[in-house]
Amino acid sequence: MEIDMIELKEAIKKAYEYIDLMYEGEKLPNKLLEEIEYDEGADAWKVVIGFDSDHVTTKTSGTSLFPSTIREKERKYKQVRIKGETGEFIKMVDQML
């Protein structure tokens, strides 16, 4: 018996929708598809989406009494798992690349 499942493009579209829903109102610059894989055993799409995040770092120079704040771009990756058969959300986890 063959199990129906959502197609690749639909899995990607759903992953973007779930990311947008979870980060509603937040800017996620340079949001890109980084990886996608279908896990047959779990009947789940694993979709990794990356985006830039401003990371604020405070540094103190050896010669200065006042710390300076430096804004650095940091790339974050989220893995969204989606049920292969229905396209329903399973979970979202941090992903290290």
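Details
- Carbon/sulfur fraction of accessible area - the stretch 13-57, other protein chains in place, 1.4 Å, %: 46 percent
- Near the amide H of Q95, within less than 5 Å, lie the amide hydrogens of Y77, K78, Q79, all on another chain or at least 5 residues away, with H placed in the peptide plane.
- Shape parameters for the stretch 1-53, alpha-carbon atoms, Rg then Dmax in Å: 12.9, 45
- The simple spin-label model puts a point 7 Å past each Cα toward its Cβ; for M22 and D54 those points are separated by 2.3 nm.
The values are calculated or read from the model by the stated rules, or taken from the named source; none is laboratory data. Source: prediction; values computed, not measured. Using ideal geometry, Cβ is built from the backbone for each residue, glycine included, and neighbour counts are taken over all protein chains shown. The area values use the complete protein model at the heavy-atom level, side chains included, leaving out ligands, DNA and RNA. Shrake-Rupley method; radii C 1.70, N 1.55, O 1.52, S 1.80 Å.
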